[in-house]
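The next block holds one structure in the form of structure tokens; read it before the comments.
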Protein chains: 2
Amino acid sequence: MSETTQCKMISADEKKNLQDRLPPLEVLQRLSEFFGVFADETRLKILFFLSQQELCVADLATLTQMGQSAISHPLKVLRLTRLVKYRKEKTSIFYSLDDDHIHSVFEVAMEHILEGDRK
Amino acid sequence: MSETTQCKMISADEKKNLQDRLPPLEVLQRLSEFFGVFADETRLKILFFLSQQELCVADLATLTQMGQSAISHPLKVLRLTRLVKYRKEKTSIFYSLDDDHIHSVFEVAMEHILEGDRK
DNA sequence: TCCATATATGAGTATATATTCATATAATAT
DNA sequence: ATATTATATGAATATATACTCATATATGGA
């Protein structure tokens, strides 16, 4: 914040224009939160398995070879961000994906990664 | 890892099948790193401004109202992940976007966020 | 050559986050 | 009722990460 550098290749008008077009902070916050959910290997594994089929918590723990609590916590994050939904059956809780966009998100990400490999 | 829960609604065959289809850990790592880059408001601001036009570091600092170092560090992350490119001109360094997918990434993310609002 | 400017980098710190452990809750079965 | 099973949750800890400050580098001009 306290800088001496004053390059300003852009004019005051351009500056104002650009700043005005910047999405509101609230939107930026929600965007970064959204991406943050995908920035974790455990949650990615869960999302992958759920993209294949509906699964209960215990099975997700088995599949990921992680503890039950280590699955419940990320599942809560996925619930709160509305990426998964669930239904109860007896004492089990079955989770499934709750967003059509998830596949698109992965596709774009994979494109970027694969493109990097080509270079 | 040391759990007693053994729900296993899925069979041993299903389990093996699902685990085999899971993308390799290296891919999952790179995916989570990729998303992690977008999980930061400062980097999102930088990416937005660069989506509008090529800019030097000092201008990015002015636009974001952050210090020069606070911009250089995230720029390094964006460079290493190949999301931005740069060119030198005298003592300035001009950054610009280096990935066609970025717009798609944002579009999908915005769709999710807006959909959540509707509910 | 010496100085000024623009940017990069490393260390330090403060904060966020993932995992573990222990425990709570909720539903079922005996 | 009590025990059992599946899941959720809170606290604690360990690790990662963002920002600040100080300094280094690199380029151009005097």
Legend entry - Cα centroid of the range B:51-119 to Cα centroid of the range A:52-119, whole Å: 28
Legend entry - Accessible area of residue B:15 in the full protein assembly, 1.4 Å probe (Å², nearest 10): 60
Legend entry - Solvent-accessible area per residue for the protein assembly as shown (1.4 angstrom probe, square angstrom): 55
Legend entry - Computed [θ] at 222 nm, helices only, for the protein assembly as shown once each DSSP H run of length n ≥ 4 contributes -39500 (n - 2.57): -19500 deg cm²/dmol
Legend entry - Within-11-Å neighbourhood charge of residue A:85 [Cβ basis; K, R +1; D, E -1]: 0
Legend entry - Contact order relative to length of the range A:50-119, as percent, for alpha carbon pairs under 8 angstrom and 6 or more apart: 32
Legend entry - Exercise: per-residue mean of other protein chain Cβ atoms within 10 Å, A:75-84: 1
Inset, instruction - Could you sort out which of B:45/B:76; A:88/B:8; A:45/A:90 sit more than 20 Å apart by Cα distance in this structure? - result: A:45/A:90
Legend entry - Total formal charge among the other residues, if their Cβ is under 9 angstrom from that of residue B:63, Lys/Arg +1 and Asp/Glu -1: +1
Inset, instruction - Heads up, I need the accessible area for residue B:92: 1.4 angstrom probe, whole protein in place, Å², nearest 10. - result: 30
Legend entry - Global geometry of the protein assembly as shown, whether rounded, prolate or oblate, following the gyration tensor of its Cα atoms and the 1.5 cut on a/c: prolate
Inset, instruction - Work through the residues other than residue A:31 whose Cβ is under 12 Å from its Cβ and net out their charges, Lys, Arg +1 and Asp, Glu -1. - result: -3
Legend entry - Shape of the range B:25-118, Cα gyration tensor, a/c cut at 1.5: prolate
Inset, instruction - Pop a pseudo-label 7 angstrom from the Cα along the beta-carbon direction at both residue A:70 and residue A:115 and give the gap in nm to one decimal. - result: 3.5
Inset, instruction - Report, for residue A:16, each distance to the same residue's label point in the other copies, shortest first and in nm; define the point 7 Å along Cα→Cβ. - result: 7.0
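The values are calculated or read from the model by the stated rules, or taken from the named source; none is laboratory data. Just so it is clear, the model here is predicted, and its values are computed rather than measured. A quick note on method: Cβ atoms are made from the backbone with ideal geometry, for glycine too, and the neighbour counts reach across all protein chains shown. For the accessible areas, the whole protein counts, side chains as well, though only heavy atoms, and no ligand, DNA or RNA atoms are used. Shrake-Rupley method; radii C 1.70, N 1.55, O 1.52, S 1.80 Å.
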